[in-house]
Each structure stands twice: as C-alpha cells, then as structure tokens.
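What follows is a short report on a single structure.
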Amino acid sequence: MSVRLIYAKAKRLSDRYRVYGRIEVASLGYHKEVACRHDAFGRWADTLAGYVMSLPAGKEEWSFQVEKGLSGSSERTRFAIRYASQDQTTYWDNNHGADYAVGTHGRGTGWDFPTLAIGSEVLCYKASLDSGQLSGKVAVKNLAYDKSVHVRYSIDDWATYHEVPARYVASDWNNQEDFPTVYEGELWEFSVGISRPVGAVKFAIRYAVAGAEYWDNNISRNYTVTPQAGLVR
C-alpha cells in the first residue's frame, strides 16, 4: 500500500475545531506531495501534510492539521488522503471509496459524529505506564460482532512475553479525549499489573475477528512505554 491513514482526530476548541492526523506513505522518491483532501463549505480543498520521520521498510510518516470555524453545535468533516509521488503518480486512501469522517459534538444535539478515524484494522490510541500499571486504549474497525483484542507485552526486551485480553468500552461524549467515538469502529481498553519495577515495557496489539488476525506493532517497531515519556511511537 503506497499511502495509508494511520489515524485522524477531531478536537473542539473555543472558537473553532481542529482535525489532525498521521499518514504513512511508501518512499517512492525524494520529491512528493502528501495532502488531506477535505470538504470545505461545499467544495473540496487540499491541506498539505508535513514530513515527520522515516519508518522501517521504506516508509515515511507525515502529519496534517486542518483548522475550521464553528458553524453550529456539531461539526463533521469528510476527507481522504492524497499522495503524489515523484513520477507524478497519484495514490489515494479514501477508505475504499467511502471517504473518512470525523467531527465534534455539542451536548444535546443528538448527532453522533465520530472523533477518531483509523486507516488500519487496529490501532493503539494511547498508553501509559504509571505506578506499575500498563494501561491504554485501542481502536478497532468493527468487522464482525465476535472479536477479541489482546495485548502482547514484554518487560525484558522480548526475551519473554505475556499476553492479556483487552475489554470493550463505550465511548463518552463528555470525555472524548480519553474515550473517543471511533468511525466505523469500537474502542477497547487494557490494564496490566507489572510484576516488578521496570524502566520500559514493549508491547503490540493483536486483533482477531472473522477468522483473521491483525496486528498493530507500530509498523514493525513495537510500542515502547515508559513512566517518564509515556507512549513512544
């Protein structure tokens, strides 16, 4: 896949709202253009993304941010990701033709706009290591009713590892930062007691659904979480 949305999130501010996210692209040459194409007052507009860092396997990470004024108590933005490579080929991640959507929600409006969108089947949304407790949130695409989410973690740099299940949690419009509503998906959480003091825990997420298995291993790097820095992507 030449371009893929990693995640996008909407956040309501006092006088506007912001859509921001991360993108993974294949490094197909030095010169390239990556953009978020989004709806803007009845038309489509491009907001250019910026380079963040190189990734394993010939990939790069880019980020984007779109600022919008508030037009009401609820806002919604449709968008897709465009990648123009050095040879002038254009690649898209438009959610298989359906586009992505995120937005914000005002109390009492009755609108259920998702605040988080993911481009893969599973994504670790956030994690922390505090007082010997590894905890975090995982977003998954809702591919079937029966599913399971597990956290595979190690406290000795993968000399050994353990695996524990995560559990489904409902989204919360009053606390969208910690409990976002996932576009076409669900939110799960995990909490693991670490048996002894450690400086860091490494982990990955395994998602089993409809006879298939999907991993979020931070693009083959696995995740690292420390008490000082939190989640390191």
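The values are calculated or read from the model by the stated rules, or taken from the named source; none is laboratory data. What you see is a predicted model; the values in this text were computed from it and never measured. Because the Cβ atoms are built from the backbone with ideal geometry, glycine has one as well, and the counts that use them run over all protein chains shown.
Structure notes:
- Cβ pairs under 6 Å, 6+ apart, first in the range 204-221 and under 15 Å from Ile6 (Cα atoms), second of a type in the set (Phe, Trp, Tyr) and in a strand (DSSP E or B): Tyr214/Tyr207
- Comparison of Pro180, Pro165 shows that the only residue that is of a type outside the set (S, T, N, Q) and at pLDDT 95 or above is Pro165.
- Every residue from the range 23-51 that is outside any strand (DSSP E or B) and of a type outside the set (A, V, I, L, M): Ser27, Gly29, Tyr30, His31, Lys32, Phe41, Gly42
- Scanning the range 52-65 for residues that are assigned to a strand (DSSP E or B) and farther than 15 Å from Tyr20 by Cβ yields Met53, Ser54, Leu55, Lys59, Glu60.
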